[in-house]
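Just below is one structure, and these are the notes that go with it.
Every read-out reported here was derived from the displayed coordinates using simple, explicitly stated rules and does not represent laboratory data. These numbers were taken from a predicted model, which means no experiment stands behind them. Neighbour counts run over all protein chains shown; Cβ positions are idealised from the backbone, glycine included.
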Amino acid sequence: MKTVKKVPLPKKPMINIRQKASFKKAILITLGFLASFVVLITVVSFIFAEIQVPRFVNRDLVIQNKLIVLPLLEPEVVGEEKVFVLSAEQGETILLDGKPTNTVGYNGSYLGPTLRAHKGDHVRIVLTNNLSKPVTAHWHGMHLPAIMDGGPHQEIAPGEVWEPHWTIENEAATLWYHPHVIEHSGEEVYSGLAGLFIVDDENSDSLSLPKVYGVDDVPLIVQDREFREDGQFVFAPQRKDELGHTGMLGDAILVNGTYAPFVDVPAKQIRLRILNASNARRYNFGFEDRRTFYQIATDGGLLLSPVARTRMILAPGERAEVIVDLTGETEPLALISDAVHEENEVLRFVRTMINAERDENQIFKIIELRPQPTAEVIENLPQLLNSIEPLPSTSAVRTRRFILDPRNRSINGEVMDHQYVNEVVRSGDVEIWEIINLSGTFHPFHIHGVQFQILDRGGKPPADYELGWKDTMLVSNAEIVHVIMRFPEFSDPHTPYMYHCHILEHEDMGMMGQFIVTEENTFDEEIHIEAIDSGTESYHNHAP
Ligand code: C2O
Ligand code: CU
Ligand code: CU
């Protein structure tokens, strides 16, 4: 007989109940935590979203002023040369509310005429300084000898005349000119000194693109300004926020020196040549109705083919040409600047929280296009615009590194010293420059004397709208950008070219350096800069 051993019931159930209870409790606690976490996140992102709603700064702006189209400056043909006569003038301009503002201009009281020349032209500029302070005219984006560049070393004293001359080697592009006086570029550009320099070539002549200046090919020089009650400009270069100096930002937008502008254009394809000539503001251009437009050119020339876009960020110093189709339209169309959002969400959050948005979470009306009936035939946008010789990274003989320092006032730890040669480059060399932004804000990095190609942004190939010639490029915070370029054939062991941040206040505070282009056989001892003021020489202490 099998004995069945009576085994007492284990006390397990009791324990089980208790365990179940604590398990339930744990779940409840976890759920509670989760729930409050979700609530917290929702609340925070709700508040964040609220803060992040862009402010439409000039929503109620009454568009009432006809856009000033800066005149084309007719050159005088003297022998082989096209001679352009310019003078820097002090004046008064009525910009806002009928009140005169003290301004400065080239050949007028605000901004300057548009210079236009063809590739291969021999040009000469006769520039008189009628101001009571030194001035320069730098040919931004132009490929020319350093001594003709109009940088800080080609200062024109009051009453003096400067006559740079060169042969146009650039391809068709929208370039510009502006002063480059040590520590005062910001102030001089802000007060009105800037103008366009349009280059044409055989390719651009042959393309069927809108090209009637001021009619269907409209230049737009976009600048932000701040006005005092009495109509004078406010210029406060020292403004800063938690991330350092912001540069001069204003809430009033001028286009070609016109406030609240409109422009009548034929109801067809229109070309806009946009220059961001602001001291420090980035714009995120696009149309109010979010329609697609086509970018056809970068700083230094036409793109390979048109690139469809709805928004386009331009940093100070950058240019773009775009085509917008107004065929058959009758309603006005506003070009706006949308908010510029930080790509890095964490940084965006931090910037918002510490109130360091640099006025970028804002929307501005820029200009209203008013289409007028036209009998002109509709043309298709050419799909092939240019041929661009790619510079492969293997063609570079060296890579130089430039670190944009956190304090927004130096590069590689060096503050601009106009008697110090930061870099020595051999003429004709292809080099890669690596730009590393260690600061908390963006910097538009500009190099004189060359047009470069962007190789990559943080290891990623550039967007198709950046696959063209550039002389100024946006370097966002914490970004590393590689560019490649061939240095000019011109060499000059005594006159440097500049590279710098094109936020003019950063440039003026010292975020600029100098490079000299020399021949292969130049001895190190020959490399020095002639001092600007005294004519005495100083030697560089930086081995090439
Ligand atoms: Cu547009 Cu060195 O400048
Ligand atoms: Cu320049
Ligand atoms: Cu900067």
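In table form, for the structure just shown:
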quantity	calculated
On Cα atoms only, tilt of 12-52 relative to the major axis of the chain in degrees	20
Quotient of Cα Rg and 2.2 N^0.38 Å for the range 272-402, N being how many residues it contains	1.30
Positive-pole candidate from 416, 393, 459, dipole of the range 393-539, charges at beta carbon	459
Stokes-Einstein translational diffusion, the chain - Kirkwood Rh over all Cα pairs, 1.567 mPa s, 4 °C, in µm²/s	51
Net charge, residue 471 excluded, C-beta distance under 14 Å - Lys, Arg +1, Asp, Glu -1	-3
FRET efficiency estimate (nearest 0.05) - Cβ-Cβ, residue 80 to residue 352, R0 56 angstrom	0.45
Estimated 222 nm signal from helices in the chain, with DSSP H stretches of n ≥ 4 weighted -39500 (n - 2.57), rounded to 500	-4000 deg cm²/dmol
Gap separating the Cα centres of the range 207-230 and the range 494-513, nearest whole Å	26
Per-peptide average of other Cβ atoms within 10 Å, ordering 337-347, 55-65, 289-299 highest first	289-299, 337-347, 55-65
Stretch gain in nm, segment residue 436-residue 122, where the contour uses 0.36 nm per residue and the Cα spacing is subtracted	109.2 nm
Residues residue 311 and residue 427, FRET efficiency given R0 of 30 Å [Cβ-Cβ distance, rounded to 0.05]	0.15
The chain: relative contact order in percent, alpha carbon pairs under 8 Å with at least 6 residues between	14
By average C-beta atoms within 10 angstrom, highest first, the peptides 98-106, 377-385, 276-284, 410-418	276-284, 98-106, 410-418, 377-385
All-pairs alpha carbon distance profile, the range 69-206, 10 Å steps from 0, percent	13, 43, 32, 10, 1
Neighbour net charge for residue 481 - beta-carbon separation under 9 angstrom, K R +1, D E -1	-2
Euclidean distance of C-alpha centroids, the range 90-149 and the range 435-483, integer Å	27
Reciprocal of mean inverse Cα separation for the range 178-329 (Kirkwood radius, Å)	17.0
Pairs beyond 25 Å (Cα-Cα), from 133/240; 119/211; 133/365; 66/99	133/240; 133/365
Part-to-part distance (alpha-carbon centres) for the range 309-350 and the range 160-195, which is given in Å	26
Relative contact order of the range 26-141, pairs being alpha-carbon contacts under 8 Å that are 6 or more residues apart, as %	22
Cα-based shape type of the range 280-323, given that a ≥ b ≥ c are square roots of the gyration tensor eigenvalues and the cut on a/c is 1.5	oblate
The range 286-352 - Rg over Rh from alpha carbon coordinates, Kirkwood radius	1.05
Order by protection proxy (mean Cβ within 10 Å, highest first), peptides 436-443, 454-461, 118-125	436-443, 118-125, 454-461
Gain upon complete extension [residue 412, residue 202; 0.36 nm per residue less C-alpha separation]	71.5 nm
Cα Rg over Rh - the range 393-539, Kirkwood	0.97
